[in-house]
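Data first, discussion second: the structure below is written as structure tokens.
Just so you know, all these numbers are worked out from the coordinates, no wet-lab data involved. For clarity, every value in this text was computed on a predicted model and none was experimentally measured. Here the Cβ positions follow ideal geometry from the backbone for every residue, glycine too, while neighbour counts run over all protein chains shown.
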Amino acid sequence: MIVSTRGDAFAISTELINVSENRQIWGSQYNPRLADFQTIQEQISREISDKLRVQLTGKDLQRMAHQSTTDSAAYQLYLQGRFQWNKRTLEGMQESLDYFQQAIQKDPQYALAYAGQADAYAQRFPFLSRLELKEGVVDFGRNIPPSDTTMVAATAGVLMRDDLHSALANLMTQTLVEVHSKPVINANGEAAIFGRAAAFPIAADPEFPLADEARRVYRSGAPFLQRYLPFWLATLFDRTVVLLVPILGLAFPLMRFAPMLYNWRVRRGIVRWYGELKKVEDGVRSDAGPEQVAQAAADIDRIEASVNEITLPLGFTNQLYDLLQHIEAVRRRLGVDGRQRVPREEIAGG
């Protein structure tokens, strides 16, 4: 079809071609004025259907007439609205709404204007959706509605507070996906008109961001543990893992210092008596009297008795024997005799 214009007059050249045989089935030319444009459209449709031997019923003809308008001004407003709508800009959406509304005011029965208005609303406001109510879907016997009807509906959304526990958010998302993944059938065995399976919930919302837990459910489904374990047990395990990860992260570096801490703790019990022995040795001068020497001997005996009571692992017994030898060396240096001691069969045990 080729359309050319001159003022308010149109020149329309149409051809119907059999592509497989490369031959013309039908062709015609029309020279309508703008006021007759809608009538010419219907005439061309009828002639093409005749050539194709397609029999249009009275209902088909009525639908064709219902979609169009006899008001050329309304049709022009509709075309201007579609032109603005196709710009896909904010200003274009607003202007297209104005044109569609003016077309409806010109012809309240103009179905295409209502369809254009629905498209403009759905694109201008992301929370709106265009719906199409099919002919006869409400009541098939009485054919309600009598033709396809374009509607606009708000998008339903489920919102959650920021402080909602992540486990509850995850479980709620799983429940929503599971419930709405199946068609809803009422008691009469009829499905909801607009209740298509998996149409709700959706992962994209124009106003609110998708929660992290909901995004995980949409991407991967239920967590691995919740597929095989009760919810409470899987949640408890997850919490335990979250708690153990930082603890283990601190424990591994600290394990490097564990041997050094252990050696320091064992040696601390031996070094303490070295300090006591040094104090006794420094307290006895060369001109010390018999009482001072006797006191020093008693202190050395006390230190030796305490050292004999120390129990150490086998790896540290050599340090214990060294301490005993140093005690004896101090005793000889101070010229005091040690008390009679019953030798132990085992000084240290592991």
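Report the gain in length on full extension from GLN94 to THR175: 0.36 nm times residue separation, minus Cα-Cα distance, nm rounded to one decimal.
25.3 nm
Which three semi-axes in whole Å describe the equivalent ellipsoid of region 207-316, each the square root of 5 times a Cα gyration tensor eigenvalue, listed largest first?
68, 15, 11
Sorting GLU328, GLU135, GLU91 on the 10 Å Cβ count, fewest up front, what's the list?
GLU91, GLU328, GLU135
Where a ≥ b ≥ c are the square roots of the eigenvalues of the C-alpha gyration tensor, would you call region 258-334 rounded, which needs a/c under 1.5, or, failing that, prolate if a/b is larger than b/c, or oblate?
prolate
Using 0.36 nm times the number of residues separating LEU244 and GLN295, minus their current alpha carbon distance, what extension gain do you get?
12.6 nm is the gain from fully extending LEU244 to GLN295.
Given H placed 1.01 Å from N in the peptide plane, which residues other than close sequence neighbours of GLU132 have an amide H under 5 Å from its amide H?
The list, which skips near neighbours in sequence, is MET151.
Say a paramagnetic label sat at a point 7 Å from the Cα of MET160, along Cα to Cβ; which residues of region 233-254 have their backbone N under 20 Å from it?
Label zone hits: 233-243.
Can you put HIS180, HIS165 in order, fewest other beta carbons within 10 Å first?
With the sparsest Cβ surroundings first, the list reads HIS165, HIS180.
Quote the FRET efficiency, to the nearest 0.05, computed for ARG227 versus ARG130 with a Förster distance R0 of 35 Å and r equal to the Cβ-Cβ distance.
The value I calculate is 0.40.
If neighbour count is taken as other Cβ atoms inside 10 Å, put GLU276, GLU291 in order from fewest to most.
Listed from fewest to most nearby Cβ atoms, that is GLU291, GLU276.
Once you sort the root eigenvalues of the Cα gyration tensor of region 96-172 as a ≥ b ≥ c, which label holds: rounded (a/c under 1.5), prolate (a/b larger than b/c) or oblate (the other case)?
Cα axes put region 96-172 in the oblate bin.
All other residues with a Cβ under 12 Å from the Cβ of ILE104 taken together, and with Lys, Arg as +1 and Asp, Glu as -1, what is their net charge?
Here the count lands on -2.
Over region 258-334, calculate the relative contact order: mean separation of alpha carbon pairs under 8 Å at least 6 apart, over the residue count, as a percent.
It rounds to 40 percent for region 258-334.
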